[in-house]
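Chemist: Dumping the structure here so I can ask a few things about it.
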Amino acid sequence: MKKLTERIKKDGKVYPGDILKVDSFLNHQIDVRLMDEIGEEFHRLFADREIDKILTVESSGIAIASSVSRCFGYVPVVYAKKTVAANMSKDTYACKERSYTRNLDYTIQVAREFLSKGERILILDDFLANGEAMKALINICDQAEAIVAGCGVVVCKTYQPGEKLIKGLGYDLKVLARVKAMSDDGQIEFEEED
């Protein structure tokens, strides 16, 4: 998605530890117009799928999933929680995942009442690096006996193993911006778009 890669080139920042910060427009402060275009692009990529629900993980995936939901006729958005609140159901699907950016393990959870056997689920997230979050969301769908209709990420670091892992598991993964390399001087190199 050319507009997205141009925005990452303009406003993305490379930090030590191979971190790409896009918090000025994607996952802290949100450029709603760009987010709507991201929603339209994911809709275009998955338009041939019947989607019952969209699944993501808190919190960065929520805005993305909401924009995509509008394009799919406002299908429900379900997000996995990283922390347990007092008002959260004790009857959940749960899976451990390791956060690349925080270098922490989380147990993400979804209340069982929000995912059902046979539902067709579109899984979305903001970043794909090692594939841990995406793999955990797939695991939650498997526990619910829901069908993963597709997986989408806004930004993929293609030099890390996540994309190969998810595709190797047999899932159809769509990526909007493919980062091929990042340098210590802040340069970001992208793979050419199809």
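The values are calculated or read from the model by the stated rules, or taken from the named source; none is laboratory data. Computed from a prediction, not measured in an experiment: that's the story for all the values here. Quick reminder, even Gly has a Cβ in these numbers, built from the backbone with ideal geometry, and neighbours come from all protein chains shown.
Chemist: Restricting the range 69-121 to residues that are of a type in the set (F, W, Y) and part of a loop (DSSP other than H, G, I, E, B), which is modelled with the lowest pLDDT?
Modeler: Result: Y100.
Chemist: Now, a different point. In the range 161-169, is there at least one residue being of a type in the set (V, I, T), buried (at least 18 other Cβ atoms within 10 Å of the Cβ) and without any contact (Cβ under 8 Å) to a residue 24 or more places away in the chain?
Modeler: Within the range 161-169, not a single residue is of a type in the set (V, I, T), buried (at least 18 other Cβ atoms within 10 Å of the Cβ) and without any contact (Cβ under 8 Å) to a residue 24 or more places away in the chain.
Chemist: Of I62, I51, which residue is of a type in the set (A, V, I, L, M, F, W, C), outside any strand (DSSP E or B) and farther than 22 Å from T92 by Cβ?
Modeler: Residue meeting the stated conditions: I51.
Chemist: Let me ask something else about it. Which ones in the range 129-148 are touching a residue at least 12 places away in the same chain (Cβ under 8 Å) and either over 20 Å from A94 (Cα atoms) or more than 14 Å from the chain's Cα centre (by Cα) (or both)?
Modeler: Correct list: A129, N139, I140, C141, Q143, A144, E145, A146, I147.
Chemist: Let me ask another. Hey, among the residues in the range 96-124 that are of a type in the set (A, V, I, L, M, F, W, C), in contact with a strand residue (DSSP E or B) (Cβ under 6 Å, 6 or more places away or on another chain) and surrounded by 20 or more Cβ atoms within 10 Å (Cβ to Cβ), which one's nearest to K82 (Cα to Cα)?
Modeler: I108
Chemist: Filter the range 1-56 down to the residues that are farther than 26 Å from G73 by Cβ, surrounded by 13 or more Cβ atoms within 10 Å (Cβ to Cβ), without any contact (Cβ under 8 Å) to a residue 40 or more places away in the chain and of a type in the set (D, E) and list them by number.
Modeler: Scanning the range 1-56 gives D11, D23.
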